[in-house]
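Undergrad: The structure's right below; bear with me while I get my questions together.
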Amino acid sequence: MEAVIHVYKDTLLLLEYVNRSTSLSSSSSSSFQKSQPPNILLFIGGMYDNFRNPGYTDDLAALFPRDAPDQQWRVMHVQLSSAGRSFGLFDLDRDVKEISAAITYIRESITQSSLTPIVIMGFSTGCQDVTHYLCSPGSRPRISGAIIQAPVSDREAILDEINTNPSAKAAYDDALSIARVTSAEKHRTTILPTNLTKHLIGPAPLTVSRFLSLVSPDSPAHPAMDDYFSSDLSDQRYLDTFGRIGSLDFLQPSKPDTPKSILILESGSDASVPSHIDKDRLVARWKTAIESAGRARMSPHSMVVPNAAHDISGDSIECRIARLVDMRRAVLRFLEDMVGHVGSEAQATDAWKVWKYDKDAIEAEKGIDHVKL
């Protein structure tokens, strides 16, 4: 997979996929005529992620080969200060500022057009970033749409772990005790002992501030910054967050007469979501909040993706259908709805040809697997 690296702010990088179609990339040619698509899908990863993580970013980019002369879309992946193991040192406010800086850089230095349509897509904790971009106070660079894939409550995931793991429970209690006695002005600069936090979020440094944001101990009554997706939050909390989407001036679909919209792709087999949570009901509650004022809608292509792991990984036929067929179909349809230049399955445009090729290959393999010898 070929890419170009841009420096969009200080030492922060922006990866631009410049992959070729399969037939050309397998040739010996080291150069090709690269199209300059006007529309951007900007990807935001989750905890521990950096470029090309999760792996399906490559699968999204494969839909838009840059050797296609009339290619209208390109995929970019933004690196934040919180990338990799640094997520515990920063907060969503900083993430949103950096996402805003990346969008501004794209328009000023790459496409050189203030009108460039940009759709942002977040994975896992990147979903918090996207939701914070939409729902926290302040102005933002304009976007045409937003996608969240695998939105998960870190609080509920951690509570689920400590309810079944005595070591994690002891670590949680000790970390919370330290956080409670740390003065507020030191929350951002105090790192909790890693021998405690490794049981909760893995081997990464974690400030008191980010710890309290992730575990949100006063939820559901008083949710912390990161607590957007917990199933026990009130309808009012969802109205205060998801319900704001319709009023946003900076969320403007590029297609005329198109309602503001967000695409939600919940993973059906997400091990990070406690088993007692009804994913369909949870997504339905978010939909109610989004559409409460009649000024926005949850995309009709939103879904709980069957057989999808948290990062939609896996080599089984079911996992590949989730990743290459179901997820990518929903994304393509949403991009067409918000911006255009994607077409439909029936029109067999370049992106849909790639999608159909993979779908047909999986179905052929599935048919062979079902043959009893």
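Undergrad: Relative contact order of the chain: what whole-number percent is it, with Cα pairs under 8 angstrom and at least 6 residues apart?
TA: 15
Undergrad: Taking mean projected area of the Cα convex hull in nm² as the quantity of interest, determine which of (1) 29.9; (2) 21.0; (3) 19.5 was computed from the displayed structure.
TA: (2)
Undergrad: Here is a follow-up. Tell me which aspartates and glutamates have Cα within less than 14 Å of Lys34's Cα, excluding those fewer than 8 residues away on the same chain?
TA: Here the aspartates and glutamates satisfying the reach criterion relative to Lys34 are Glu2, Glu16, Asp67, Asp70.
Undergrad: Taking the mean number of other Cβ atoms within 10 Å as a proxy for protection, how do you rank 7-20, 174-187 from highest to lowest?
TA: 7-20, 174-187
Undergrad: Could you give the C-alpha radius of gyration of the range 154-227 expressed as a fraction of 2.2 N^0.38 Å, taking N as the number of residues it contains?
TA: 1.01
Undergrad: Taking only DSSP H segments of four or more residues, each worth -39500 (n - 2.57), what value at 222 nm results for the chain once the sum is divided by all its residues, to the nearest 500 deg cm²/dmol?
TA: Helices in the chain give a 222 nm mean residue ellipticity of -10000 deg cm²/dmol.
Undergrad: Another question, if that's okay. Residue by residue, what Karplus-based ³J(HN,Hα) values in Hz, rounded to whole numbers, does the range 88-97 have, using 6.51, -1.76 and 1.60 with θ = phi - 60° and x for Gly and Pro?
TA: 3J(HN,Hα) across the range 88-97, in whole Hz: x, 9, 9, 10, 5, 4, 5, 4, 5, 4.
Undergrad: Among His222, His341, His199, which one shows the biggest mean-square fluctuation in a GNM of the chain, springs joining Cα atoms closer than 10 Å?
TA: Answer for the Gaussian network model of the chain: His222.
Only the coordinates and a few stated rules stand behind these numbers; no lab work does. What you see is a predicted model, and the numbers here were worked out from it, not measured in a lab. All Cβ positions, even for glycine, are placed from backbone atoms using ideal geometry, and neighbour counts span all protein chains on display.
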